[in-house]
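Asks: One structure is given below, represented as structure tokens, and several questions about it will come after.
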Amino acid sequence: MRRPRRTTLAALLLLAPLVACSGEEEPAEPDPSPSATPSAAPSTPPSTPPSTPSESPSGPTQPPTPTEQDETLPPVADGPAGKVSLPALMREDVEAGRIRRTSRIGGTDRWTGWAVTYTVDGATVSGELLVPAGRGPFPALVLNHGYIDPAIYTLGRGMSREQEWFADNGFVVLHTDYRGHAGSDPVDDLGRESRLTYTRDAIGAVEALKKERYVDDDRLGMVGRSMGGAVTYNAIVAQPDLVDAAVVFAPVSSAFVDNLRRWTIPERPDAAQALYGRLGGSPRENPRAYRELSARTYFDRVEAPVLILHGTSDDSCPVDWSRETQRLLTEAGADSTLQIYPGEEHAFGPRFADSMTRTVRFLRARLGD
């Protein structure tokens, strides 16, 4: 069940210190053994190869005009930077169209997979849809993948293992490609670097699922990996009642500036300079603009319970980022759990089955059977 919406305004937090992309918390309670897997879980992990493309962050398209100011929400700053912010997104009514199946792309006796498209504010977004066998209605999940170079990205790539595991366990899965990926419409540079358009596409995916008769719209969740963790954090602060539970694997930082310094500045310096131009300067020159792109600034809006899973040997996204995110979620009053996996790397290998067992158990408990 969703918690009652809190009406307190989000407190603006100071920017987190610079760190590299990897974050964790001291080892939490022992990870459950495979014997704890729920009865509906597969006896062995799905056969999809465990390799996951290298992930880091990348982002969205030109934002729609937000609705009028709402005094119960954090204020939108004057000027162009204010329009490119989470407070502006909070005021948007993201419109989604129906899911359209374009081709069947496989399946098992437990589920069928489809290539699909849906629309978000009139733009087309492609994705992969897995629907369990049976009449339903089923609980449903939106999956937000991590960074993969759009030039090599293909339909549904990045979380194929997770897609099949969830479908095997009775969840409808909509893996969104984001704009600028696969068969989706293009994304502009500002959308890509701010991640706000990716966030709209994830919100739109949830809204599209709600229109399907085989989906139980009282049992909706969101799962993100790496960059998709930031997309997930953004979505649950922008629309606190969007989903009933959220899970993130090896997420990037919940502070926008950490990710900017870790990837955008060294790897896409021209994009960083363009972003500075749109946001009224660098993080040093206009810190408010970067705080307002950081989900952690608005963690007091989080209503969905959150599970974070992170490995201590993650050399892409440091586990300390997730430790800090967990601390701030807890301080803000959110229902949040951080599970640390000693020795596990960014993509999750030996402990993947354990992490998915824990995730399915968490989702079943929070979404209900």
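The values are calculated or read from the model by the stated rules, or taken from the named source; none is laboratory data. A quick note: this is a predicted structure, and the numbers were derived from the prediction, not measured. With ideal geometry, Cβ positions are generated from the backbone for all residues, glycine too; neighbour counts draw on all protein chains shown.
Asks: Going by the structure shown, is D354 within 24 Å of N169 (Cα to Cα), surrounded by fewer than 24 Cβ atoms within 10 Å (Cβ to Cβ) and among the acidic types (D, E)?
Replies: In short, yes.
Asks: Which condition from (1) farther than 26 Å from D244 by Cα; (2) out of contact with any strand residue (DSSP E or B) (no Cβ under 8 Å at 6 or more places or on another chain) is the one that G106 breaks?
Replies: So the condition that G106 fails would be (2).
Asks: On to the next question. Filter the range 123-146 down to residues that are part of a loop (DSSP other than H, G, I, E, B) and surrounded by 23 or more Cβ atoms within 10 Å (Cβ to Cβ), then give me how many there are.
Replies: The qualifying residues number 2.
Asks: Restricting attention to the range 220-232, which residues are within 20 Å of R358 (Cα to Cα) and either part of a helix (DSSP H, G or I) or of a type in the set (F, W, Y) (or both)?
Replies: Narrowing the range 220-232 to residues within 20 Å of R358 (Cα to Cα): 220-226, 228-229, 232.
Within the range 220-232, G228, G229, T232 meet the criteria.
Asks: Of all residues being touching a helix residue (DSSP H, G or I) at 6+ places or on another chain (Cβ under 9 Å) and among the hydroxyl-bearing types (S, T, Y) in the range 64-111, which is modelled with the lowest pLDDT? Just the residue, please.
Replies: T65
Asks: Identify, please: which residue in the range 93-122 is charged (D, E, K, R) and part of a strand (DSSP E or B) and is, among those, farthest from K211 (Cα to Cα)?
Replies: Our first condition is that a residue be charged (D, E, K, R); within the range 93-122, this holds for 93, 95, 98, 100-101, 104, 109-110, 121.
In the following step, the residues that additionally are part of a strand (DSSP E or B) were identified as 100-101, 104.
On the way: R100: 11, R101: 14, R104: 20 Å.
Once the filter is applied, the top-ranked residue is R104.
Asks: Another one. Within the range 272-294, track down each residue that is farther than 21 Å from D189 by Cβ and either among the hydrophobic types (A, V, I, L, M, F, W, C) or buried (at least 20 other Cβ atoms within 10 Å of the Cβ) (or both). Even if it seems obvious, please write down each step before you answer.
Replies: Filtering the range 272-294 for residues farther than 21 Å from D189 by Cβ gives 284, 287-288, 291.
Answer for the range 272-294, where residues must be farther than 21 Å from D189 by Cβ and either among the hydrophobic types (A, V, I, L, M, F, W, C) or buried (at least 20 other Cβ atoms within 10 Å of the Cβ) (or both): just R291.
Asks: Here is a follow-up. Within the range 87-132, take every residue that is in contact with an Asp or Glu (Cβ under 7 Å, 6 or more places away or on another chain) and basic (K, R) and give me the one that is farthest from T154 (Cα to Cα).
Replies: By that ranking, first place goes to R91.
Asks: For the range 89-140, give me each residue that is in contact with a His (Cβ under 6 Å, 6 or more places away or on another chain) and in contact (Cβ under 8 Å) with a residue 60 or more places away in the chain.
Replies: The initial filter retains those residues of the range 89-140 that are in contact with a His (Cβ under 6 Å, 6 or more places away or on another chain), namely 127-128.
The one that is in contact with a His (Cβ under 6 Å, 6 or more places away or on another chain) and in contact (Cβ under 8 Å) with a residue 60 or more places away in the chain: G127.
Asks: Going by the structure shown, is A96 small (G, A, S), crowded, with 22+ Cβ neighbours inside 10 Å and either within 18 Å of D185 (Cβ to Cβ) or in contact with a strand residue (DSSP E or B) (Cβ under 8 Å, 6 or more places away or on another chain) (or both)? Walk me through how you get there before you give the answer.
Replies: Details: small (G, A, S): yes; crowded, with 22+ Cβ neighbours inside 10 Å: no; either within 18 Å of D185 (Cβ to Cβ) or in contact with a strand residue (DSSP E or B) (Cβ under 8 Å, 6 or more places away or on another chain) (or both): yes.
No.
Asks: Inside the range 325-366, can you point out the residues that are among the hydrophobic types (A, V, I, L, M, F, W, C) and within 13 Å of L307 (Cα to Cα)?
Replies: Restricting attention to the range 325-366, the residues satisfying the condition of being among the hydrophobic types (A, V, I, L, M, F, W, C) are 328-329, 332, 334, 338, 340, 347-348, 352-353, 356, 360, 362-363, 365.
Correct list: L329, A334, L338, I340, M356, V360, F362, L363, A365.
Asks: Being of a type outside the set (D, E, K, R) and either within 14 Å of the chain's Cα centre (by Cα) or outside any helix (DSSP H, G or I) (or both) is the filter here, so list the residues in the range 195-219 that pass it.
Replies: From the range 195-219, those of a type outside the set (D, E, K, R) are 196-199, 202-206, 208-209, 214-215; that's our starting set.
Selection gives L196, T197, Y198, T199, A202, I203, G204, A205, V206, Y214, V215.
Asks: Does the range 155-176 include one or more residues that are in contact with a Phe, Trp or Tyr (Cβ under 6 Å, 6 or more places away or on another chain), surrounded by fewer than 19 Cβ atoms within 10 Å (Cβ to Cβ), touching a residue at least 12 places away in the same chain (Cβ under 8 Å) and assigned to a strand (DSSP E or B)?
Replies: Within the range 155-176, not a single residue is in contact with a Phe, Trp or Tyr (Cβ under 6 Å, 6 or more places away or on another chain), surrounded by fewer than 19 Cβ atoms within 10 Å (Cβ to Cβ), touching a residue at least 12 places away in the same chain (Cβ under 8 Å) and assigned to a strand (DSSP E or B).
Asks: Also: Output the residue which, of all residues in the range 147-194 that are small (G, A, S) and over 17 Å from the mean Cα position of the chain (by Cα), is modelled with the lowest pLDDT. Full working, then the answer.
Replies: Step one: filter the range 147-194 for residues small (G, A, S), giving 151, 156, 158, 160, 167, 170, 180, 182-184, 191, 194.
Going one step further and asking which of them are over 17 Å from the mean Cα position of the chain (by Cα), we end up with 151, 167, 170, 182-184.
Numbers: A151: 94, A167: 98, G170: 97, A182: 97, G183: 97, S184: 98.
Going through the qualifying residues, I end up with A151.
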